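Q: Here it is, the structure, as structure tokens.
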Number of protein chains: 2
Amino acid sequence: MSETPSELLRLRQSIDNIDAALIHLLAERFKATQQVGHLKAELALPPADPAREHRQIERLRRLADTAGLDPVFAEKFLGFVIAEVIHHHERIAGERGPAGAAGD
Amino acid sequence: MSETPSELLRLRQSIDNIDAALIHLLAERFKATQQVGHLKAELALPPADPAREHRQIERLRRLADTAGLDPVFAEKFLGFVIAEVIHHHERIAGERGPAGAAGD
């Protein structure tokens, strides 16, 4: 099987377009969380905000449910992204003293 | 500190908007990969396509680099999503006999 069926090609083109959009949105999201990290460091705000994180999880689970996405996956996804945010903020904190914003 | 600074609120609103967009795009991506799963099952195509996956990784790393996103994170992100796709396809395969499409 060397030829890819046209229907599969069509679906893969859509998946590739969606992936490009996801990458660009994630880039934009990390730009915003980097700003949050610097802002929290400046204002000496605590790094984590469990109440905010709880609201985010609940909201994304609801949105996922409406959009036909598994809410469990939506929550896992947020956790995956937040882990990276924390990793970024640890770097910011390392550059400018104790700080770092989790979640956001 | 009970009042959230307005700059932090502004950034969090952007993050929430971006997250809503991400969730909806992910929902759309899984709709497409579900179709791929059914199509591959119908056509008895092999579940995994390592060449396709390799091209996806290279492309997303390039896109991430241009967008200012860590290419290592982009690759981890694709891995995270593909793991969920495989999980979905295992379910499809379980429903209709041996099949399942990895990656896509």
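FYI, it's all coordinate maths here, none of it is from the lab. It should be emphasised that the depicted structure is a prediction, and the values quoted were computed from it without experimental measurement. We place every Cβ from the backbone using ideal geometry, glycine too, and count neighbours over all the protein chains shown.
Q: Tell me, yes or no, whether region A:78-99 has at least one residue that is among the hydrophobic types (A, V, I, L, M, F, W, C), crowded, with 16+ Cβ neighbours inside 10 Å and touching a His at 6+ places or on another chain (Cβ under 8 Å).
A: yes
Q: Could you please give the count of residues in region B:68-77 that are surrounded by fewer than 18 Cβ atoms within 10 Å (Cβ to Cβ), at the interface with another protein chain (Cβ under 9 Å from one of its Cβ atoms) and on the phi < 0 side of the Ramachandran plot?
A: 1
Q: If I filter region B:17-63 down to residues being more than 7 Å from chain A (Cβ to nearest Cβ) and part of a loop (DSSP other than H, G, I, E, B), which single residue comes out as surrounded by the fewest Cβ atoms within 10 Å (Cβ to Cβ)?
A: B:Ala44
Q: Test A:Gln13 against the criterion of being touching a residue at least 24 places away in the same chain (Cβ under 8 Å) and polar (S, T, N, Q), and give yes or no.
A: Details: touching a residue at least 24 places away in the same chain (Cβ under 8 Å): no; polar (S, T, N, Q): yes.
In short, no.
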